[in-house]
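Read-outs throughout are calculated quantities, based only on the coordinates presented, and are distinct from any laboratory measurement. Not measured: the values here are computed from a predicted model. All Cβ positions, glycine included, derive from the backbone under ideal geometry; neighbour counts span all protein chains shown.
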Amino acid sequence: MKLVAYEYIKIFSKKLVLVIVPLLILANVFLYYQQQVRDNEYIVKNNPRYYELENIYRSIPVDKALNEISNQIDTLKDFHIIITANAANNPGFQAILEEKKKNRPGLMEKFMDSSYVNDEEALLRDLFLYEELYTQLIPLTNYKDYINSMQNRADEMLSVSIFNEKGAFSYRNIIKTPKDFEHLKNITLKVGLDKGIVSATQFSVTDILVVIVIFLLCIYLFLQEKESGLLKLIRTNKKGRVDVAVAKLIALISLTIVLAVVFYGSIIIIANYLYGFGDLSRYIQSMTAFRHSNVLLTVGEYLSLFLVGKVTVCVLSALIFSVFFVLINNAGKIYLCITALLGYSYISYVFVHPLSHLNLAKYINIIYFFNTYSLLGQYKNINFFGYPVHNLWLVMACISVLFIILPVLSVTIYVKNNSSVLKTVSFGIWSKLKLKVIKPGRSIQLINHEFFKVLFTGKVYIIILLALLIGYNNTYLKELRFNQEDAFYNSYLNVLSGELNEEKVNFIVNEKNRFAYLPTEFANIRKDYSEGKITLHEYNEKKAEVEAFALKEEAFQKVLTQYEYLLKVKESKGLEVGFVNRISSDYLFNNHSRDIINGMIYIILLILSICVIFTNDYKNGMISILRCTKNGRFKLFACKQIVAYIIAFILMVIIYTPQYVNLIKNYNVENWGVPIQSIMIFQNVDIPVSVFGFIILCNVLQLLGALILANCILFLSVVTKKHSLSIMVASMFFVCPILIQSAGINFLRRYSFNNIYLMFTEFSISTSIWETVLYYMVLVVLGICFFVLCWNKYNHNLLTFGVRKR
Amino acid sequence: MNLSINCVSKSYNKGKKKALDSFCAEFTPGVYGVLGPNGAGKSTLMNIITDNLKPDAGEVTYNGKSIAQLGKEYRDILGYMPQQQGIYDDFTGVRFLWYMAALKDLKKDVARVRIENLLNTVNLMQDANKKLGAYSGGMKQRILIAQALLNDPKILIMDEPTAGLDPKERIRIRNFISTIALNKIVIIATHVVPDIEFIAKEIILIKEGKIIVQDEPVNILENVKDKVHEIYVSKDEVDNIQKKYKVSNIASEKDGVCIRIVAENKPQGFEVKTVKPSLEDVYLYMFGDESVNF
């Protein structure tokens, strides 16, 4: 127990932990609160009134309640028409009102007697809340029918031969499904607001923050002793192997449990405060989100199990991380491996089809395990070697096995000393090859040596190789195939792309007229054939031609919409706009998720590459020698900065080139010299620049942002001086926001560095160029400040750490 | 050429721990040894002289000019060899020296010649293309000495230069230092008294941040002339003697034990012989009441 206590002391003596963890807890709560208030402001503000209404209908049979609420909604809508008609001097509204009065005598009197006469706000509020109440009641109405009809649906499916193959997964699954819902046939459902429960248990930002905290705990428990050289000392003691390893695991698990409870528990508490959970004894099937669950749980039980589930997954994550931390010595490699594991899990979870034979990879992975809502709230059978197994039981079995294997693995590796586990011949061969091929640098150029240090001593060449691999993977090597509609659209744009001139206008008008004339054309051809003016063969030919033309109508509608937009812009802004292929422009400019993913990849690789630049010298104590030399101050500092900038540039080129290669290779990019306002999403851009110019501008801005980011990362590495810590802190400031943004919290974009990866989104959303200018001005000021602070820290931080007092 | 430490003070832990207390010293060309127990302030002094640490009070001047103001100019004539520490494991010995040459702003042809000479001097020519990670402790010491001498510094600061070296190498380095020190200020901080006993022009004994003594070795030894004695006792009496006196050496002999002690007065009741003191005896005399920190 003493050893465990000392492990706790190691954690809690770190100021960074005492600052970061409370900050993340607050951030977690704040982000949830902000999101809920923004998305469900009405419900949150009018919660008491909602429950007031709910109480009225709680004891009434559901069908009757639905009927009454429906009538009440109609009445309130009519009241709203009355108010609107009276307020607006609009003949249209007056006509509607007269119609209403005719169909519903007594409506006016009812309105005048109601409390909404002088209170439109209350009317709108109640209308919204009644509609919400109606939505909450819907799942209760036909649930019994839904359950009872399962067997019928199963029988129907089995009547189709492809599903009736005995021994196949689909057959077994169809047989199993109705049986799994049998016990739900006679349950009683009650109304209750689902917003709190659903939002609290689907808030994925908490998962990201908890994983960061677990990573931080692992750094202090496992990596710090390796980096400081204390591990050898600890291992030479009687209790320095198994006992220490077990103590570390106990500390890690216990802290993870406490933190998970705090993080997830706080969200549940806030959800209850904002929405309330209603009757906790009602079954979860009372809510639409849980309609398809076959797990019979009350709301209270669900919330408890949710918390237990999340804690379990967090502990599992901690154990997985501990294996990596114990096995690998280098912070950068650990980070990469964990990122690779999470990346693979995410890709498998998102892209593997649920019915694919690879579905085990989709459902037996850590990202899926974190989706506790899906485990408890959705019925799913996983194809386990042809047998349908309920996802919950399979996941529980898997986690149970891992709970045994992982701690044993961690302890074994720790005891055996990972250097003997990791020794591979290939490293030795590579070292010899390097010595022969790469001549030991006989250069007096400082920058050459700094590059060598970063690339080889810092192992950044691995990062560059990884970036190249990612870039290669993102390049479409095969020819892109378009569907029929897009193919027709492309053929139109081949004719129309470029500046809008008279010829193109005439073409569009003629096409439009021809489409308008199509029904007549069809009729004429039929008439001509029936009158014998054309033969059957000619009839078929003409008909086929017209039908082929008709297929282009949807594509032409897109062209027409674009044309009308271009006319509007030409008129209002006086710009010589032109057609830009929308498929091409959407690929490049309207691909938010790709931009987020690229941004995430870029920042992770950048942090791993740059954090090593200064920390390497601090780690091995060389800093004191370097700073004593003639060029060891500003010149060395400047060289390191330049190396960082060059790496930032190289990574940017590698990560972002594939999208332009794909664009040029597979899409139509002719005539992109037209103004950027030719593209609908950029209608609000108020700078006179062509599409090409706009691309260059965005890339320049992105590069500027990346260089400023590099400055900030360097500053953090000089402050923390430790490789693992600098990665951790930089990730928190620069990776976390983009992860949170990818989970749907979009407001962070302009309050973080996220915007530099989302320049296209920025220009499409912002109403004025000055918003972007302001954002970059702030960034530039930040960049300069961090440069100055970094220099000051490097130059004046004169060995306050590590002076051996003798 | 003159390096002056002018009343330099430095504290840590918000003033609670005073590492140097109005430390004053003058250095001219020659070898200076800095001796003191752990926590005496030697490292702090070295870091202040190498401009890695700013003093709280006082200044260090070179030829009358503050080293902080001289900046690059001062570092151009400075060579620093810290106590054995981590270096770039992936660098070969020769790459490391080229890197240091770049930091010291040497011209390529000058660097080439000096690197070759120094590798020979420190006996690392054969291992020059091996990675530093594969070097033994002694080899790392030697490469660190080599880098310190690359720019032919006028001021050479060495922290435990012979730690990890075998006796033969120690003598070699000691002799090498004394030859190069003719026109350099060489300041050596060490625990190994013999390293400086015979080559140092002056010895500085430092305790709790203050200079106890700064003088030529012969004068320092003179101060403890009649204070070092050898007594012959039986084995049973050794413990008693250790409790009563500062013992600098215990040697087993045929019919007993010869104990060398440092004491103000000649011990009574024993077979005593007053002997010539060594610098180790001085060290024990000055710092012998320091409790040993394990």
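Average partner chain C-beta neighbours within 10 Å, per residue of A:619-627? Mind showing how you got there, number by number?
Working: counts 1, 6, 6, 8, 1, 11, 13, 4, 6.
Mean shielding by partner chains, rounded to a whole number: 6.
Just the number, please: percent antiparallel of the DSSP beta bridges in the protein assembly as shown, rounded to the nearest 5. It would help to have the intermediate numbers written out before the result.
Details: 45 of 64 bridges.
Counting only bridges with both partners in the protein assembly as shown, antiparallel ones make up about 70 percent.
Going by how many other Cβ atoms sit within 10 Å of their own, how do A:V401, B:V8 line up, fewest first?
A:V401, B:V8
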(Q) Need the list of lysines near B:K17 for cross-linking: C-alpha distance under 18 angstrom, and skip anything on the same chain fewer than eight residues off. (A) A:K805, B:K42, B:K54, B:K207, B:K210
Q) With springs only between Cα atoms under 10 Å, which of B:V60, B:V228, B:V275 fluctuates most in a Gaussian network model of chain B? A) B:V275
Q | Sorted by Cβ density within 10 Å, fewest first, the residues A:M777, A:M652 | A | A:M777, A:M652
**Q.** Centre separation in Å (Cα based) which lies between region A:681-737 and region A:50-99
**A.** 51
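May I ask for the equivalent-ellipsoid semi-axes of region A:565-608, computed as the square root of five times each C-alpha gyration tensor eigenvalue and listed largest first in whole Å?
Numbers: eigenvalues 247, 25, 11 Å².
Output for region A:565-608: semi-axes of 35, 11, 7 Å.
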**Q.** Placed amide H near B:V34: partners under 5 Å, 5+ positions off or other chain
**A.** B:I188, B:A189, B:T190, B:I204
Q: Calculate the all-directions average of the projected area of region A:369-415's alpha-carbon convex hull, and give it in nm².
A: 4.0
Q.
So if I restrict to the alpha-carbon atoms in chain A, what is the Rg, and what is Dmax, the biggest pairwise distance, in Å?
A. 32.6, 115
**Q.** Segment A:K15-A:S114, length gained on full extension (0.36 nm per residue, minus Cα span)
**A.** 29.5 nm
Q. For A:L255, what charge total do you get from the other residues with a beta carbon under 14 Å from its beta carbon, if Lys and Arg give +1 and Asp and Glu give -1?
A. +2
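Return the calculated 222 nm mean residue ellipticity for chain A, to the nearest 500 deg cm²/dmol, obtained by summing -39500 (n - 2.57) across DSSP H runs with n ≥ 4 and dividing by the residue count. Let's see the in-between values first.
Numbers: 40 runs with 580 residues, N = 806.
Calculated from helices alone, the mean residue ellipticity at 222 nm is -23500 deg cm²/dmol.
Any idea what the dipole of chain A comes to, in debye rounded to 20, about its Cα centre with Lys/Arg Cβ at +1 and Asp/Glu Cβ at -1?
Numbers: 79 positive and 59 negative charges, 1228 e Å.
For chain A, the charge dipole is close to 5900 debye.
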Q) Among B:D239, B:D127, B:D76, whose mean-square fluctuation peaks in a Gaussian network model of chain B (Cα, cutoff 10 Å)? A) B:D239
(Q) If the reach is capped at under 18 angstrom between alpha carbons, list the lysines near A:K380, excluding any in the same chain fewer than eight residues apart. (A) A:K176, A:K179, A:K362
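What's the local net charge at A:S170, with K and R +1, D and E -1, over the other residues with C-beta under 15 Å away? Provide the component values of the computation, followed by the final result.
Working: positive: A:R153, A:K166, A:R172, A:K176, A:K380; negative: A:D155, A:E156, A:E165.
Taking every other residue near A:S170 into account, the sum is +2.
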Q: Express in whole angstrom the spacing between the alpha-carbon centres of region A:350-371 and region A:1-47.
A: 29
Q: List the extent of the Cα atoms of region A:1-148 along each of their three principal axes, largest first, rounded to whole Å.
A: 84, 48, 24
Q) For the residue pair A:T188 and A:E485, what label-to-label distance in nm results when each label sits 7 Å from Cα along the Cα-to-beta-carbon direction? A) 4.9
Q. What share of Cα pairs, in percent, lie more than 15 angstrom apart in region A:633-720?
A. 70
Q. With each label point set 7 Å from Cα along the Cα-Cβ vector, what nm distance links A:E545 and A:L575?
A. 4.0
Q: Set the Förster distance to 51 Å, then compute FRET efficiency between A:N237 and A:I646 from the Cβ-Cβ distance, nearest 0.05.
A: 0.65
Q: Can you check what the net charge comes to around A:L518, using other residues whose Cβ is under 14 Å from the Cβ of A:L518 (Lys, Arg +1; Asp, Glu -1)?
A: 0
Q: Over all alpha-carbon pairs in region A:460-536, figure out the percentage whose distance exceeds 17 Å.
A: 72
Q) Calculated from DSSP H runs of 4 or more alone, at -39500 (n - 2.57) each and per residue, what is the 222 nm mean residue ellipticity of chain B, nearest 500? A) -9000 deg cm²/dmol
Q. By how many degrees, between 0 and 90 and to the nearest 10, does the Cα long axis of helix A:425-437 differ from the longest principal axis of chain A?
A. 80
Q. Taking H as built 1.01 Å from N, whose amide H comes closer than 5 Å to the amide H of B:Y80, not counting residues under 5 places away?
A. B:I157
Q: Sequence neighbours fewer than 8 away in the same chain don't count; with that in mind, list the aspartates and glutamates whose C-alpha is under 16 Å from B:K254.
A: B:E230, B:D236, B:E237, B:E271
Q: Would you mind telling me which residue in B:L205, B:L53, B:L78 has the biggest mean-square fluctuation in a Gaussian network model of chain B, where springs connect alpha carbons within a distance under 10 angstrom?
A: B:L53
Q: For region A:173-215 and region A:301-322, compute the distance between their C-alpha centroids and round to whole Å.
A: 15
Q) Which ³J(HN,Hα) values, rounded to whole Hz and listed in residue order, are derived for region A:245-255 from phi using the Karplus coefficients 6.51, -1.76 and 1.60 in 6.51 cos²θ - 1.76 cosθ + 1.60 with θ = phi - 60°, glycine and proline given as x? A) 4, 5, 4, 5, 5, 4, 4, 4, 5, 5, 5
Q) So how do A:M728, A:M1, A:M759 line up by other beta-carbon neighbours within 10 Å, fewest first? A) A:M1, A:M759, A:M728
Q: With the cut-off at 25 Å, report for region B:184-294 the share of all Cα pairs above it, as a whole percent.
A: 28
Q: Could you tell me how many degrees, from 0 to 90 and to the nearest 10, lie between the Cα long axis of helix A:143-158 and the main elongation axis, the longest principal axis, of the Cα atoms of chain A?
A: 90
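Considering every pair of different Cα atoms, what Kirkwood radius, in Å, is found for region B:32-121? Don't skip to the end; give the middle numbers.
Details: mean 1/r = 0.0642 Å⁻¹.
Hydrodynamic radius (Kirkwood, Cα only) of region B:32-121 equals 15.6 Å.
Would you mind getting me the FRET efficiency between A:T141 and A:K45? Use the beta-carbon distance for r and R0 = 30 Å, nearest 0.05.
Numbers: r = 28 Å, r/R0 = 0.94.
Given R0 = 30 Å and the Cβ-Cβ separation, E is 0.60.
Just tell me how shielded B:101-113 is by partners: mean number of partner chain Cβ atoms within 10 Å of each residue's Cβ, no decimals. Write down the numbers at each step before the final one.
Values: counts 6, 14, 14, 6, 7, 3, 1, 4, 1, 1, 3, 2, 0.
That works out to 5 on average.
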